[in-house]
Each structure stands twice: as structure tokens, then as C-alpha cells.
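Only one structure is covered here, and it is reproduced in the block below.
Since every read-out is calculated from the coordinates, none of them should be taken as a lab result. This structure is a prediction, so every number in the text was calculated from the model and none was measured. Reconstructed Cβ throughout: ideal geometry from the backbone, glycine too, with neighbour counts over all protein chains shown.
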Amino acid sequence: MALCNNSVCAVIITYFPDREFQHRLKIISQQVKQVIIVDNGSTGMESLWLDKAINGRKTVDLIKNRVNLGMATALNQGVRKAINYGYSWIVTFDQDSEPQANMVQKMLDVWERYPNRERLMVVGPEISFCNCSHNFSAVHTYAPWEKIAHVITSGSLISKEAFESAGYFLDSLFIDYVDIEYCLRLRNRGYDIIQVRDAILLHKIGNIEGRFILWKIVHPTHHDPIRRYYQFRNAVLLHKMYKKAEHGWCISNRTILMKIMCLILLYEKHRLRSFLYIIKGLYHGFSGRAGQRGEIPFLYSDTI
């Protein structure tokens, strides 16, 4: 039997969503059977916008956390509820992402045709950053799909068997590298992650801009300085966790981190605060501390 979106539940994580979220929710709802929104402590006008977006929709459930529990914990809340409802696939979204026409069905179609379907656990779309003219997609061929190391959380279609086999997202990472760690964990259990070329997701990343260094265009993202803490802390934690099994990824990721630091130094306004948070993140990473503020030890296995 052909796979269809009636077996798919969307999990959307919100944190003070904008008024355009109503439009994006409508588009997502049209591509899945049900939506579960997990809100991480939104208040004020943004909370009203969220309620307006839902507006009594019977196919939309809302889990409302009183405080920000982090991306990983919120994802786990939504995924567990979707699995309890009996869904076979979960597609996860950030609040500012918008799937293009038939994105979910296109990923399901490729899943059905995949030669090693029993080993496939995550399918991601091609990402088009709506606030940047450059396309950062990992898909470089004209084949329908490409096997890759990891995909981003938003737009990812995940089999419930992935959670039954490898567990859930790591709560202690809180935010950033949550998706990367999960994909690396699946890969190290022998599973596949692919990206589908013609399944398109519009996604926003930071406050990205295009700048030129000589003849080359670069893209500082102007993330909030505190995000730099999580980026660098969690990167170090993953480097320690996967230093043997994913040595190549660790090396390439260190290069990316160096480029990020250079772009912050050259272009971003809050460079001093960003570097202070980077230093704190590196310190907590090497010290094996995790959680929202580095308040808990990060438990990992040297045998991965």
C-alpha cells in the first residue's frame, strides 16, 4: 500500500511566534493528518497570536509549557504524544518554517522507493533559506535523493521506529545540535538519513545577510549571543561523544566553528557578548556540563 500523509503527525515547536505563524500552521495542517504544537512558555501578544492560529482546530493539539524547556524536551513531548496517538511518521517543524507544495508526500514517495527501506529512519527536505539568496542545501546531484550525515530538525520526517530503536532527543542539549546528535546516533546504529531534492522547505536562520570577502560571499547570521553559548558548548560535547565514530564530521565541524568566529569578529554587532558566551560554552563543553545553563553533567559514552 502506498504511503500517504494520513499516517503522519506534525510536531511544531513554538517560542513567542509571530503573527504570520497562523499562515504557516494552515499550510502545515494541509500536508498531515494531525498537528501537535508544543509551546515553550510564550506569553503576552505572542500567546494570543498562537491561540488565534489554532482557533479551535480539531486536528491541532496544544501542549503549553509554562517555561522554556528547550527544543529537545519540547520535541520529545510532541513525538511521544504522536506515537501514543498511533502515528507511524512524525514530521518536525520550527515555528518559522513553511513547507512548499506536497513536501511531506514527496518525502513519503521517496521513502517508499528507497532500496533499503528498513534501514531508513529520517528523510529531510531541501532547505531554501527565505532570508538569504544563497542555497545551503546538502543535495548536490540531480538524483531524487542523497544520503547525508544529518538534516536539520525543521521539515524532517522521522519514523517512529527510529525512536523505538535509538531513543529520543537528548534533553540535556537544550537547543542547538539536537538534530545533528540524533542523526549521528542513528547513523552509528547502521541507519540511513537522506535528503529529498524536490521536497522544499522555506526556512529562516538567524538574521542572515550576504557580505563579500574579496570575490567570495559569506553569510554572518547575527544570532543572539546566548545562542553562541549553546552552539559551541554542544559542539564540544558532540566532539567528545563521537570523536571515534564520526572523526571526519568532528574535523569539518571544527572548521565551521572557526568560520563562525571569524564572521562574528568581522561583521556582527554584538561581537564582545558573543565571544564571552562562546568562551563560556567552550568551558562548559570541555567540563562536560549541559542543560539550560550548564547546571547538569552531560552523560555520554566513549564507546560510541
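Computed quantities for the displayed model
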read-out	value
Given charges at Cβ of Lys, Arg, Asp, Glu: the chain dipole, positive-most of Ser159, Asn102, Ile193	Ile193
Total charge dipole magnitude, region 46-107, about the Cα centre, Cβ charges on Lys, Arg, Asp, Glu only, Debye to nearest 20	300 debye
The chain: most fluctuating residue of Val123, Val67, Val151 per GNM, C-alpha cutoff 10 Å	Val67
Coil-residue trypsin sites (Lys or Arg not before Pro) of region 23-52, DSSP, other Cβ within 10 Å capped at 15	none
Residue with peak Gaussian network fluctuation, the chain [Cα springs, cutoff 10 Å], from Leu120, Leu276, Leu170	Leu276
Region 14-114: proportion of alpha-carbon pairs further apart than 21 angstrom, %	34 percent
Additional length obtainable on full extension of the chain from Arg117 to Lys244, 0.36 nm per residue less Cα span	43.0 nm
Among Thr73, Thr43, Thr255, residue whose mean-square fluctuation peaks in a GNM of the chain (springs only between Cα atoms under 10 Å)	Thr255
Distance violations [Cα-Cα > 24 Å] among Lys147/Lys243; Lys204/Lys244; Lys26/Lys64; Lys81/Lys147; Lys52/Lys106	Lys204/Lys244; Lys81/Lys147; Lys52/Lys106
Radius of gyration, Dmax [region 211-297; alpha carbons; angstrom]	13.8, 45
Three principal axis lengths of the chain [C-alpha, angstrom, descending]	51, 47, 44
Positive-end residue, the chain charge dipole about Cα centroid, Cβ charges, pick of Phe174, Tyr229, Leu272	Leu272
